[in-house]
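Chemist: Below you will find the structure I want to go over with you.
The values are calculated or read from the model by the stated rules, or taken from the named source; none is laboratory data. In this text the structure is predicted, and so the values were computed from the model without any measurement. Cβ atoms come from the backbone with ideal geometry, glycine included; neighbour counts cover every protein chain shown. Accessible surface areas use protein heavy atoms only, side chains included; no ligands, DNA or RNA. Shrake-Rupley method; radii C 1.70, N 1.55, O 1.52, S 1.80 Å.
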Amino acid sequence: MTARMLRIGLTGGIASGKTTVADLFTGFGATVIDTDRIARDVVMPGRPALAALTQALGSGILGTDGSLDRQRLRERIFRDAATRGIVEGILHPAIISELIRQADAAPGPYQVLVIPLLVEGGRRELVDRVLVVDCPEEQQIERLMRRDGETRENAARALAAQATRAERLAAADDVIANDGEPAKLVEMVAGFDREYRRLAAKN
């Protein structure tokens with residue numbers, strides 16, 4: 001970690017609103033690096049991580065064009081904890097390596113590193129502060145059903161596979177409550193932007 005750059009770890013449960021918050025930080029001029037985007041890049045056809053996944057899990061995780069069939073892989077992960085362990089063991093090191101590379105090269109008043117599994121993955125050392133986007137679990141389920149067309153059962157299973165709300169809040173230095181009006185969300189992000197700029201200037 002470079003001493004000159006303040007790094008904020010943005011995390012939260014599935015469908016909590018991390019992307020919305022990250023986009024707001026981008027709008028305020030922060031440098032945002034999203035591990036979800038990195039995760040998509042590292043499994044593009046021809047990349048070593050996709051080859052490793054295919055070798056470990058078989059060609060059934062691929063679509064007809066040779067690209068990763070994310071829905072099929074997600075269903076296997078939900079059904080089988082061993083598959084989840086295999087996938088995480090292959091993808092997490094590749095994602096973290098690329099995240100560090102991008103963060104070391106990026107400018108900005110401060111950096112927001114979007115790491116959905118920051119609490120679960122034990123990667124606290126990557127960041128200076130942890131910012132959790134929080135909302136009630138029922139809202140997460142409703143958003144997931146609406147966004148991805150998931151059944152309630154699958155949405156609840158997706159939540160159960162992650163850290164609990166209490167565990168994320170216990171790990172947080174800062175919290176954004178994303179359970180109300182969009183205007184309030186903008187106001188909260190603006191406040192954290194001011195605070196992080198102040199901390200970055202001291203750093």
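Chemist: Can you tell me how much longer the chain between A190 and A82 gets when fully stretched, taken as 0.36 nm per residue apart minus their C-alpha distance, in nm with one decimal?
Modeler: Extra length from A190 to A82 when fully extended: 34.7 nm.
Chemist: Between D34 and residues 5 or more places away or on another chain, which pairs have amide H atoms under 5 Å apart, with H built 1.01 Å from N, and which residues are they?
Modeler: Under 5 Å from the amide H of D34: V114.
Chemist: Let me ask something additional. Considering only protein heavy atoms and a 1.4 Å probe, what is the carbon-and-sulfur percentage of the accessible area of segment 88-156?
Modeler: Answer for segment 88-156 is 52 percent, counting heavy atoms of protein chains only.
Chemist: Once phi is turned into θ = phi - 60°, what whole-Hz ³J(HN,Hα) does the Karplus curve with 6.51, -1.76 and 1.60 give for every residue of segment 102-111, x standing for Gly and Pro?
Modeler: Taking θ as phi minus 60°, the curve returns 5, 5, 5, 9, 8, x, x, x, 7, 10 Hz for segment 102-111.
Chemist: Same structure again: Lys/Arg Cβ at +1, Asp/Glu Cβ at -1, dipole of segment 43-198 taken about the Cα centre: which of L159, L144, Q71 is farthest positive-ward?
Modeler: Q71
Chemist: Where a ≥ b ≥ c are the square roots of the eigenvalues of the C-alpha gyration tensor, would you call segment 76-138 rounded, which needs a/c under 1.5, or, failing that, prolate if a/b is larger than b/c, or oblate?
Modeler: oblate
Chemist: Moving on to the next point. With the contact rule set at Cα under 8 Å and sequence spacing of 6 or more, what percent relative contact order holds for the chain? Kindly include the intermediate steps, with their values, before the conclusion.
Modeler: Working: 276 pairs, mean separation 77.4, N = 203.
The normalised contact order for the chain reaches 38 percent.
Chemist: Here's another thing I want to ask about it. Considering only C-alpha atoms, what is the centroid distance from segment 121-188 to segment 87-116, in Å?
Modeler: 19 Å
Chemist: Here's something else I'd like to know. What are the residues whose amide H is under 5 Å from the amide H of I176, where those residues sit 5 or more places off or on another chain and H is modelled from the backbone?
Modeler: Amide H to amide H, under 5 Å and 5 or more residues apart or across chains, I176 pairs with V132, V133, D134.
Chemist: Counting heavy atoms of the protein chains only and a 1.4 Å probe, report the per residue accessible area for segment 32-96 as a whole number of Å².
Modeler: Ligands and nucleic acids excluded, the figure is 54 Å² per residue.
Chemist: Keeping all protein chains in the complex and leaving out DNA, RNA and ligands, what accessible area do you get for F28 with a 1.4 Å probe, in Å² to the nearest 10?
Modeler: The value for F28 is about 70 Å².
Chemist: Most mobile of G29, G13, G122 per a Gaussian network model of the chain (Cα springs, under 10 Å)?
Modeler: G122
Chemist: Next up: With +1 assigned to the C-beta of every Lys and Arg and -1 to the C-beta of every Asp and Glu, and no other charges, what is the dipole magnitude of segment 13-120 about the Cα centre in debye, to the nearest 20?
Modeler: Numbers: 11 positive and 12 negative charges, 42 e Å.
Magnitude of the dipole: close to 200 debye.
Chemist: If you take the Cα atoms of segment 84-203, find Rg, then find the Kirkwood Rh from the mean of 1/r over all pairs, what is Rg/Rh?
Modeler: So for segment 84-203, dividing Rg by the Kirkwood Rh gives 0.99.
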